[in-house]
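Note sheet for the following structure.
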Amino acid sequence: MSERSVRDVVLSSRVRLARNFADIPFPAAMGSEDGETAQSVAANALAHTPQGRQYTLLRMQDLPAADRWTLAERHLISRELAAAGASMAALLKQDEHVCIMLNEEDHVRIHALLPGNALDKAAALAFEADDAIGDSVWYAFDGEFGFLTSNPANVGTGMRVSALLHLPALTRAGAIGDIVRETANLGLALRPLYVEDGKAQAELYLLHNQVALGLSEQDLLDSMNALIEKIVEHERTGRELLLMRDDTALEDQLMRSLGILRYARKLSLGEWLHRWSDVRLAVQAGMLHMPLDALDDLLSTAQAAHLEKRAGRPLSPSEQDEARAQLVRELLGAYYKP
């Protein structure tokens, strides 16, 4: 199943590798000097490779807060790294498909992120960065257990594989619980990306492995790809049933969300995520015509740090709601004229 063929369901694919240096205390136990050493070791190891010039070292404490949090909203770094603890940094590739977090939970966390269903390609990028650093350093590794990590769940391959899925039909049919149980039986997990009041927002879910021990990297990729293909089939069947059951009622609901987004003067993040899911479903159903990429980009750019960076100043919650509504109106206005 190709990357483009499932973009209606699979927004992005991510592969993360956790590594630690053998001769430096793990982040939870290291002092500031150890942190600086770990940061230098990783940066220098990468700098002495042909691909090193493609990366920029970003020291979290040197970055403005808005820059750190926009990286987090784009899922390039974690919220923990954005909080800018001592000696935390990131090596960001120019194309932003790879980001290497330094001194977060582990000394090195390599993230490869690609649009669509592209786990194998993301894994290749992550392994390329891993080899570039690992060829000149000693990683903490045990012959029996594999790579040693701060979180026991990552011991083994140190690999976390995930895919971001838009599942409006399965959510509305109440079938998500069945999918969650099935993924758990396979040693995987499905959880909402955004949660408010205990409910999934935007009908977006992250599918990922729970443990890294006992499976090879390829076995994990194969099991994830097989499950993604199965979930895509269930979701598409669910969408067909939604349209067959009462297409006029569904179209009315989705078009109402489009109307609200086109003319709203204030949008809370929760309402925006709800309406976003409706509009994306309408595009997928052929009721509306606009690029999914443009709509998906708004998941990041309509969040608080992006809005503040765009405004050039801090914004109150009310001002954020106004700025979000304006941004969404501008995008939709390019495709749907009054």
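The values are calculated or read from the model by the stated rules, or taken from the named source; none is laboratory data. Everything numeric in this text was worked out from a predicted model, so none of it was measured. Heads up, the Cβs are rebuilt from the backbone with ideal geometry, glycines too, and the neighbour counts pull from every protein chain shown.
Taken over the range 87-140, the criterion of being in a strand (DSSP E or B), among the small types (G, A, S) and farther than 23 Å from L164 by Cβ is satisfied by A89 alone.
Exactly one residue out of A226, A302 is within 23 Å of V195 (Cα to Cα) and either of a type in the set (S, T, Y) or within 24 Å of the chain's Cα centre (by Cα) (or both): that is A302. Does T149 meet the test of being outside the structural domain of Q284 (by TED's automatic domain parsing), surrounded by 15 or more Cβ atoms within 10 Å (Cβ to Cβ), farther than 27 Å from L125 by Cβ and β-branched (V, I, T)? Considered against the rule, which asks whether it is outside the structural domain of Q284 (by TED's automatic domain parsing), surrounded by 15 or more Cβ atoms within 10 Å (Cβ to Cβ), farther than 27 Å from L125 by Cβ and β-branched (V, I, T), T149 comes out as no. Might you check whether a residue that is charged (D, E, K, R) and either surrounded by 21 or more Cβ atoms within 10 Å (Cβ to Cβ) or within 16 Å of A38 (Cβ to Cβ) (or both) occurs anywhere in the range 84-95? Among the residues of the range 84-95, not one is charged (D, E, K, R) and either surrounded by 21 or more Cβ atoms within 10 Å (Cβ to Cβ) or within 16 Å of A38 (Cβ to Cβ) (or both), which makes the answer no.
In the condition set (1) over 20 Å from D296 (Cβ atoms); (2) within 16 Å of the chain's Cα centre (by Cα); (3) crowded, with 17+ Cβ neighbours inside 10 Å, A202 is compliant with all but (1). Considering only residues in the range 123-141 that are acidic (D, E) and closer than 25 Å to D222 by Cβ, the one that is surrounded by the fewest Cβ atoms within 10 Å (Cβ to Cβ) turns out to be D131. When the range 207-223 is filtered for residues that are buried (at least 16 other Cβ atoms within 10 Å of the Cβ) and over 14 Å from R16 (Cα atoms), the ones remaining, listed by number, are L215, S223.
Listed residues L76, L57; which is under 13 Å from the mean Cα position of the chain (by Cα) and either of a type in the set (D, E) or in the same structural domain as F21 (by TED's automatic domain parsing) (or both)? L76 is the lone residue from the list that is under 13 Å from the mean Cα position of the chain (by Cα) and either of a type in the set (D, E) or in the same structural domain as F21 (by TED's automatic domain parsing) (or both).
Say we look at the range 3-38 and pick out the residues that are of a type in the set (V, I, T) and in a strand (DSSP E or B); which of these is nearest to L102 (Cα to Cα)? By that ranking, first place goes to V15. Looking at E229, E235, E196, just one residue is buried (at least 18 other Cβ atoms within 10 Å of the Cβ), in contact (Cβ under 8 Å) with a residue 60 or more places away in the chain and among the acidic types (D, E), and that residue is E235.
Listed here are the residues, each with its yes/no results for (1) in contact with a helix residue (DSSP H, G or I) (Cβ under 6 Å, 6 or more places away or on another chain); (2) in a loop (DSSP other than H, G, I, E, B); (3) among the acidic types (D, E).
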| position | (1), (2), (3) |
| --- | --- |
| E251 | no, no, yes |
| L254 | yes, no, no |
| L258 | yes, no, no |
| H274 | no, no, no |
| A282 | yes, no, no |
| S300 | yes, no, no |
| E308 | yes, no, yes |
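Residues in the range 260-272 that are in contact (Cβ under 8 Å) with a residue 24 or more places away in the chain, more than 21 Å from the chain's Cα centre (by Cα) and either in a helix (DSSP H, G or I) or not assigned by TED's automatic domain parsing to the domain that holds Q303 (or both): L261, R262, Y263.
For the range 281-335, the set of residues classified as among the hydroxyl-bearing types (S, T, Y) and out of contact with any His (no Cβ under 9 Å at 6 or more places or on another chain) consists of T301, S316, S318, listed by residue number. Checking D67, D62 one by one, the residue that is free of Cβ contacts under 8 Å to residues at least 12 places away in the same chain and either under 20 Å from the mean Cα position of the chain (by Cα) or under 24 Å from A304 (Cα atoms) (or both) is D62 and no other.
Scanning the range 1-31 for residues that are touching a Gly at 6+ places or on another chain (Cβ under 8 Å) and at pLDDT 95 or above yields a count of 7. Looking at L221, L213, L204, L193, just one residue is part of a strand (DSSP E or B), within 28 Å of F147 (Cα to Cα) and not charged (D, E, K, R), and that residue is L193.
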